Amino acid sequence: MMTMQNPMTEIATSKKAGDTLLSVRNLKKHFPIKDGVLQSTVGHVKAVDDVSFDIRRGETVGLVGESGCGKTTLSQCVAGLMEPTSGEVLFDTGRGGTLGPEDRIDRMSGKQKAKYRRNVQMVFQDNFASLNPRNLVVDIVGRPLRVHGEASGGLLTERVVELLEQVGLGRQHLYRYPHQFSGGQRQRISIARALALDPDLIVLDEPTSALDVSVQAQILNLLGDLQQQRHLAYLFVTHDLSVVRHMADRTVTMYLGRVVEHGPTETIFRDAQHPYTKALLAAKPDLDDDPDAPIATLEGTIPDPARPPKACRFHTRCPVATPDCGWEVDDIVRLLESDDTLFERLSGVSRKSELEAELAFETEEAACKLWEVLRSDRVPEAMREATEILDVKGSKLNVRFRDSDEIGLRALGSGHEAACVHAGRLS
Ligand SMILES: Nc1ncnc2c1ncn2[C@@H]1O[C@H](COP(=O)(O)OP(=O)(O)OP(=O)(O)O)[C@@H](O)[C@H]1O
Ligand code: SF4
Ligand SMILES: [Mg+2]
């Protein structure tokens, strides 16, 4: 016999804490690089390159990494503000059950898509740019309610007052413009607007980076309180691991478009296994530290995301790299690009593969100079060990590297994964 179920019970039971709310699977976002009069595509910036992770109901996932690693691009794909090149974003709009193909945001029906749009909101770092300077606060915060037909007239004003009060502002702020507020207050207005439609997930892209440390702490506390009251999930994007330590249940570290480590925040801070995460942690250990203390910087420059390093993308900067971490011809090209004296005398690179090439110089002396450099401690020992053939014939230098496999995420237990050959062995 069929039993009738109360639809409200169904919705309530389908929204349990800890259930997967959003799932990102193999997501890529590549931006074309255009050149010439015809603006033809000459390459792609691999801003996000095969990223997967989940966000559960009510939790905060911290997304960290240096500038340019793809945090904003990824978060905009999650918030539906940017189309991925490939891969999937799945979102639980309350259908119930586990997430499946029908929950892909690019395949949702109109009704489901509307639910997704209401339930995922975004707060940006630059609140000057994201708040229309010609609009009053009542219009800015009330807009989502008006657009979705939730309220109008006096009711809408009262709803806006309620939202302002929830973020520590009030009725007296309704008829003011954004420029009449401090940076922290403007961020409160952005948060009130994001709360208007009672979302399940807020994507916060560097929400406190532009604020003074004391104001930063107030906004972080406000976000923490709102999360408890409303059972919100946050994707908290920042380049600052100390903020993540205070906010996030789980932490995802990105480097050059890839996730290199993720796990419970406590585990990441106690037992980071990826040398890049360790370097980030060493750069700024804690929010409670002296704010005037100098911040350590990571060594080496971030490679061009249009031609990311092979295998482990961090190998060009890694202090514990091994010969199997992805050494390739491009590492020599990067070295030459950083040395004008040699680069100027390079006349061409003829590649057989990413591992093998002939580098032609204007003079034999220049070819010999590079040979010496590649055998010296100016290059990492691991790179020297990965070099299988290196010889000079006249003004040409032949080089071949040993091949290495992709280094994917390795499970380390309790939801902790790191993409490093040493994972599980670093202390
Ligand atoms: N619209 C675009 N067109 C071309 N390249 C882009 C575009 N948006 C971002 N990029 C490039 O993609 C890469 C990732 O950029 P993104 O803004 O996502 O990094 P981020 O981690 O948010 O950096 P930050 O910490 O500085 O905000 C960068 O190399 C950037 O130059
Ligand atoms: S795999 Fe690990 S050891 Fe090798 S370069 Fe990457 S981070 Fe360093
Ligand atoms: Mg960004």
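Largest accessible area first, the residues F361, F269 order themselves as F269, F361 under a 1.4 Å probe with ligands, DNA and RNA left out.
In this structure the amide hydrogen of L169, modeled in the peptide plane, comes within under 5 Å of no amide hydrogen from residues 5 or more places off or on another chain. Angle check, please: helix 110-119 long axis (alpha carbons) against the longest principal axis of the chain (alpha carbons), in degrees 0 to 90, nearest 10. Its long axis makes an angle of about 90 degrees. Axis of helix 153-166 versus longest Cα principal axis of the chain: the two differ by about 60°, to the nearest ten degrees.
The Kirkwood radius of the chain, taken over pairs of alpha-carbon atoms, gives through the Stokes-Einstein law at 4 °C and 1.567 mPa s a diffusion coefficient of 54 µm² s⁻¹.
The residues neighbouring D271, those whose beta-carbon lies less than 13 Å from its own, together hold a net charge of 0 under the Lys/Arg +1, Asp/Glu -1 convention. In sequence order, segment 95-100 has phi-based couplings of 5, x, x, 7, 5, x Hz under the Karplus curve 6.51 cos²θ - 1.76 cosθ + 1.60, θ = phi - 60°, and Gly or Pro positions carry x. Residues whose amide H comes within less than 5 Å of that of D50, counting only those at least five positions distant or on another chain, are L27, K28, K29 (H built at 1.01 Å from N in the peptide plane).
Around the amide H of A233, modelled in the peptide plane, lie the amide H atoms of G58, L201, I202, all under 5 Å away and 5 or more residues distant in sequence or on another chain. Across segment 298-303, coupling constants 3J(HN,Hα) worked out from phi with the 6.51/-1.76/1.60 Karplus curve, θ = phi - 60°, read 6, 7, x, 8, 6, x Hz, and Gly and Pro carry x.
Straight-line cross-link reach from K352 at under 29 Å between alpha-carbon atoms covers these lysines, not counting any fewer than eight positions away in the same chain: K28, K29, K34, K46, K310, K369, K393, K396.
Take every DSSP beta bridge whose two residues both sit in the chain; close to 70 percent of them are antiparallel. Taking the C-alpha atoms only, the angle from helix 364-374 to the longest principal axis of the chain is near 50 degrees. The helix-based estimate of mean residue ellipticity at 222 nm for the chain, built from -39,500 (n - 2.57) per DSSP H run of four or more residues and divided by its residue count, is -9500 deg cm²/dmol to the nearest 500. Counting heavy atoms of the protein chains alone, R384 has an accessible area of about 60 Å² for a 1.4 Å probe.
To the nearest Å, what is the center-to-center distance of segment 127-202 and segment 236-262, using C-alpha atoms only? That distance is 29 Å.
Among S23, S152, S109, the order of accessible area from largest down is S152, S109, S23, computed with a 1.4 Å probe on protein heavy atoms. Largest to smallest in accessible area, the residues I33, I407, I202 fall in the order I33, I407, I202 (1.4 Å probe, all protein chains included). Computed with a 1.4 Å probe over protein heavy atoms only, the accessible area of D377 comes to about 140 Å². Across the alpha-carbon set of segment 335-427, the Rg to Rh ratio works out to 1.14, Rh being the Kirkwood radius.
Say R0 is 35 Å: what FRET efficiency, to the nearest 0.05, do T157 and E83 get from their beta-carbon distance? The calculated FRET efficiency here is 0.45.
The values are calculated or read from the model by the stated rules, or taken from the named source; none is laboratory data. Because the structure is a prediction, the values reported are computed rather than measured. For neighbour counting, all protein chains shown are included, and Cβ atoms are generated from backbone atoms with ideal geometry for every residue, glycine included. The accessibility values were calculated without ligands, DNA or RNA, using every heavy atom of the protein model including side chains. Shrake-Rupley method; radii C 1.70, N 1.55, O 1.52, S 1.80 Å.
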